[in-house]
């Protein structure tokens, strides 16, 4: 994994015509942050052996497992530290993966081409559900909301139709969900548009 990361960083920095300035440094940070992502460690053996189909199945399965864990945290017994840590970690992985797709998708040796647009749309829908449930767990943990009310509050914030009852600095938690929801929408539009161009370019070749 570390050797592959070094190779990818070398490929990134050898292409000044593709990226430069702030984007180059941002892309570098994205690559380095992969070290802290379990998802990237799990998919590395399949990437090394060029087993694309198995890697894609692993990614799909990992996303489903994350969602199941989040739902379990929401409906199960409340363990504040464990619940908070897992929610923040899953949010980190979700947005790291999405940013990698958008900003590093143009490098064939760093990010693999998606097998289909439809698959990525399904994964994006799953990411939206993950973000909603993660914040529902955080609302339950930090705001003391019951399970159903916490989920309803997270959905309302996503749809910008309501806010949970918050006091003092905890309002920042709601603000953070709003910000991440906006970023999720922007990433979805950027990723979808970029991938449409990739597939159209392949069809004309």
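The values are calculated or read from the model by the stated rules, or taken from the named source; none is laboratory data. Please read all numbers here as calculations on a predicted model, not as lab measurements. We place every Cβ from the backbone using ideal geometry, glycine too, and count neighbours over all the protein chains shown.
So which of 55, 43 is more than 30 Å from residue 138 (Cβ to Cβ), surrounded by 13 or more Cβ atoms within 10 Å (Cβ to Cβ) and touching a helix residue (DSSP H, G or I) at 6+ places or on another chain (Cβ under 6 Å)? Before you say what the answer is, go through the steps one by one.
Working: 43 fails: more than 30 Å from residue 138 (Cβ to Cβ).
After ruling out the rest, the residue left standing is 55.
Do we find that residue 129 is in a loop (DSSP other than H, G, I, E, B) and more than 24 Å from residue 51 (Cβ to Cβ) in this structure? Steps first, please.
Numbers: in a loop (DSSP other than H, G, I, E, B): no; more than 24 Å from residue 51 (Cβ to Cβ): yes.
So residue 129 does not fit the description; no.
Quickly run through the stretch 92-106 and pick out the residues that are buried (at least 16 other Cβ atoms within 10 Å of the Cβ) and outside any helix (DSSP H, G or I). Break it down stepwise before answering.
Of the residues in the stretch 92-106, the ones buried (at least 16 other Cβ atoms within 10 Å of the Cβ) are 93-105.
Scanning the stretch 92-106 gives a single hit, 105.
Give the residue, chosen from 34, 4, that is at pLDDT below 90, surrounded by 12 or more Cβ atoms within 10 Å (Cβ to Cβ) and part of a helix (DSSP H, G or I). Step through it out loud before you land on a result.
Working: 34 fails: at pLDDT below 90.
Being at pLDDT below 90, surrounded by 12 or more Cβ atoms within 10 Å (Cβ to Cβ) and part of a helix (DSSP H, G or I) holds for just one of 34, 4, which is 4.
Taking only pairs six or more apart or across chains, which ones have beta-carbon atoms under 7 Å, a first residue in the stretch 1-16 that is under 16 Å from residue 45 (Cβ atoms), and a second residue that is surrounded by fewer than 12 Cβ atoms within 10 Å (Cβ to Cβ) and modelled with pLDDT of 80 or more?
So the pair list comes out as 5/35.
Condition first: over 17 Å from the mean Cα position of the chain (by Cα) and modelled with pLDDT of 70 or more. Now tell me which residues in the stretch 168-201 satisfy that.
Matches in the stretch 168-201: 168, 169, 170, 171, 172, 173, 174, 175.
To keep it simple, each residue is scored yes or no on (1) in a helix (DSSP H, G or I); (2) surrounded by 19 or more Cβ atoms within 10 Å (Cβ to Cβ).
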{"site": "90", "(1), (2)": "yes, yes"}
{"site": "108", "(1), (2)": "no, no"}
{"site": "136", "(1), (2)": "yes, yes"}
{"site": "160", "(1), (2)": "no, no"}
{"site": "170", "(1), (2)": "yes, no"}
